[in-house]
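The values are calculated or read from the model by the stated rules, or taken from the named source; none is laboratory data. The model shown is predicted, which means the values in this text are computed figures rather than measured ones. All Cβ positions, even for glycine, are placed from backbone atoms using ideal geometry, and neighbour counts span all protein chains on display. Keep in mind that these areas ignore ligands, DNA and RNA; they rest on the heavy atoms of the full protein, side chains included. Shrake-Rupley method; radii C 1.70, N 1.55, O 1.52, S 1.80 Å.
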Amino acid sequence: MAIFNSILFHRARKSVGNVTLYALKEQNVVRAKGIYRRDRKSLAQLKQRARMKAVREVGSHFYHVLPQGFCCSSLKEGLNCFVKANVGKIFVDDELKVSYDLLKLEISGGTLMPPVLSAKLEAGENRVVFRWERQRLMPYAFGDDLLYGVVSRTEDRDGEVIPLGTRGASGELSWDLPAGWDVCDVVVHGFAMNSKGNRASVSVGLAVGDEV
């Protein structure tokens, strides 16, 4: 900062290049602007940025189930719940390559007990066969809890939520994939929800197409 007196620049208040002119207590003052340097992000910051970007992209493949699975009223809220539940399941190496296990992702969440549920992908029939067992009932597992299977395509944002049965009785259900779908391109999850539809369980990963 410098103080100067000049008839030409009397009461000057403006910026020229990296210099600012202004008046202070009846004196003219010139001050150089601070130089802004954008520091390179650390590796940890870059990895976290990649992780957050990836978890939102992965979440987009489960749009069809998120509001129901997390018992919320909007897709935006459901996606936020998905990000919170799964950001720690997204791994980024030092070369910023992203990896994750589709079957370990949580597409639902809540306090109910997860169901005893399995699924088998049958390539020849192009279908999914769900089987579930009656569970011992307890405060977070009720006989009238509804069980759902979720089939999601891994290449786009398409998928279906399939009502199966109740927790209080064993059962089996075969579900044919829609035309154009391939069992090699899907991942299957399941979860439970109470009869009022306002409480759910954490999802369980059941089958993935690339293992068929």
Overall form of segment 93-209 per C-alpha gyration tensor (a/c, 1.5; a/b vs b/c):
oblate
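What pairs in LYS47/LYS89; LYS53/LYS84; LYS41/LYS104; LYS53/LYS120 have C-alpha atoms more than 23 Å from each other?
Details: LYS47/LYS89 13 Å; LYS53/LYS84 13 Å; LYS41/LYS104 30 Å; LYS53/LYS120 31 Å.
Check vs 23 Å cut-off fails for LYS41/LYS104; LYS53/LYS120.
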Peptides ranked, highest mean first, by Cβ atoms within 10 Å: ranges 194-204, 58-68:
58-68, 194-204
In whole Hz and in residue order, list the ³J(HN,Hα) couplings for segment 126-139 that follow from phi through the Karplus curve 6.51 cos²θ - 1.76 cosθ + 1.60, θ = phi - 60°; x for Gly and Pro.
6, 8, 10, 10, 9, 9, 9, 10, 5, 9, 5, 7, 7, x
Heavy atoms of LYS97: accessible area, 1.4 Å probe, square angstrom to 10:
120 Å²
Could you give the length gained by full extension between LEU75 and THR111, i.e. 0.36 nm per residue of separation minus their alpha carbon distance, to one decimal place?
10.9 nm
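To the nearest 20 debye, what charge dipole does segment 43-208 have about its Cα centre, counting +1 at the Cβ of each Lys and Arg and -1 at the Cβ of each Asp and Glu?
Roughly 720 debye, rounded to the nearest 20.
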